[in-house]
Amino acid sequence: YEDYLRARQLWASSFPGSCEQAKALLEHAITLDPQFALPYSLLGGCYTMLANLGFKPAHEVMPLARAAEERALGVDPALPEAHALLGVCAGNFGHDWVGAEREWRLALAHEPMSRDVRFWYGNHYLLPIGRVPEAVETMARALEEDPLNLLYRHIYARGLRHLGRLDDAADELRGILDLDANFPWALEALGAVYAQQGNFEDALAVTEGAH
């Protein structure tokens, strides 16, 4: 369980090296307890993140992600996180939105809903199918339980941009940078928001700081 928690923390940082470290911890956790379902699922989440952020080709890692989620369900057939991430595999990478909806229904059937499943539902299902206001509201609810998750806050800010709430997105991104002045995703996103607002001088300065 300690390996799993440490892996979660590394995974949430969203850097390629951190994902590799998280994978090693998860594989160790699985070796120690093959009947613990969550490490299998988070291992699949590592592969999904590598593809989602463009660190690895999707065709290379998504079969590994699906296999890890299936192993998790082999241990716990009702595990919400595994069904949620299979929904990501189906919809976001396989363009099978019917299959994705089926997996999301299974993921959302479990109460109380975990903050991860709630956030993923907003980001990986509601947002891409065009239900943007509902997606942003769903992500905001998840963040109430995990306000220090900088990766999630950056994604939430992206949702605010989709809604045209540029001032709110900028406030959210500046809040991230107050906690970690070098968080690259927030720097890049804030530069883009400033550019949309016509503030090109600040956009250039912030974007240069991301590299």
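The values are calculated or read from the model by the stated rules, or taken from the named source; none is laboratory data. In this text the structure is predicted, and so the values were computed from the model without any measurement. Note that we place each Cβ from the backbone using ideal geometry, even for glycine, and neighbour counts take in every protein chain shown. Side chains are part of the model used for accessible areas, which takes the heavy atoms of the whole protein and leaves out ligands, DNA and RNA. Shrake-Rupley method; radii C 1.70, N 1.55, O 1.52, S 1.80 Å.
All of Y40, Y125 fail the test of being under 21 Å from Y1 (Cα atoms), in contact with a Lys or Arg (Cβ under 9 Å, 6 or more places away or on another chain) and in contact (Cβ under 8 Å) with a residue 24 or more places away in the chain, apart from Y40.
Is it true that M62 is open to solvent by less than 20 Å² (accessible area, probe 1.4 Å) and either modelled with pLDDT of 95 or more or closer than 22 Å to R8 by Cα (or both)? Yes: the conditions hold for M62.
For the stretch 1-65, please list each of the helices (runs of 4 or more DSSP H) lying entirely inside it that holds at least 1 residues being touching a His at 6+ places or on another chain (Cβ under 8 Å). First the steps, then the outcome.
Working: elements: 2-13, 16-32, 37-52.
Ranges flagged: 2-13.
Regarding Y194, is this residue in contact (Cβ under 8 Å) with a residue 24 or more places away in the chain, aromatic (F, W, Y) and closer than 19 Å to G87 by Cβ? Spelling it out, it is not the case that Y194 is in contact (Cβ under 8 Å) with a residue 24 or more places away in the chain, aromatic (F, W, Y) and closer than 19 Å to G87 by Cβ.
Report, by residue number, each residue of the stretch 25-53 that is open to solvent by 60 Å² or more (accessible area, probe 1.4 Å) and modelled with pLDDT under 95. Across the stretch 25-53, the qualifying residue is only N52. Any idea which residue in the stretch 95-105 is nearest to H59 (Cα to Cα), counting only those that are open to solvent by 80 Å² or more (accessible area, probe 1.4 Å) and over 19 Å from the mean Cα position of the chain (by Cα)? Applying the filter and picking the extreme gives V98. Quick one: is G175 at pLDDT 95 or above and in a helix (DSSP H, G or I)? Answer is yes for this residue. The residue list L204, L148 contains one member that is assigned to a helix (DSSP H, G or I) and modelled with pLDDT under 95, which is L204. Would the stretch 120-130 turn up any residue that is in a helix (DSSP H, G or I), over 13 Å from the mean Cα position of the chain (by Cα) and either among the hydroxyl-bearing types (S, T, Y) or surrounded by 14 or more Cβ atoms within 10 Å (Cβ to Cβ) (or both)? Yes. Just one residue in the set G198, G159 is out of contact with any Pro (no Cβ under 6 Å at 6 or more places or on another chain), at positive phi and not basic (K, R); that residue is G198.
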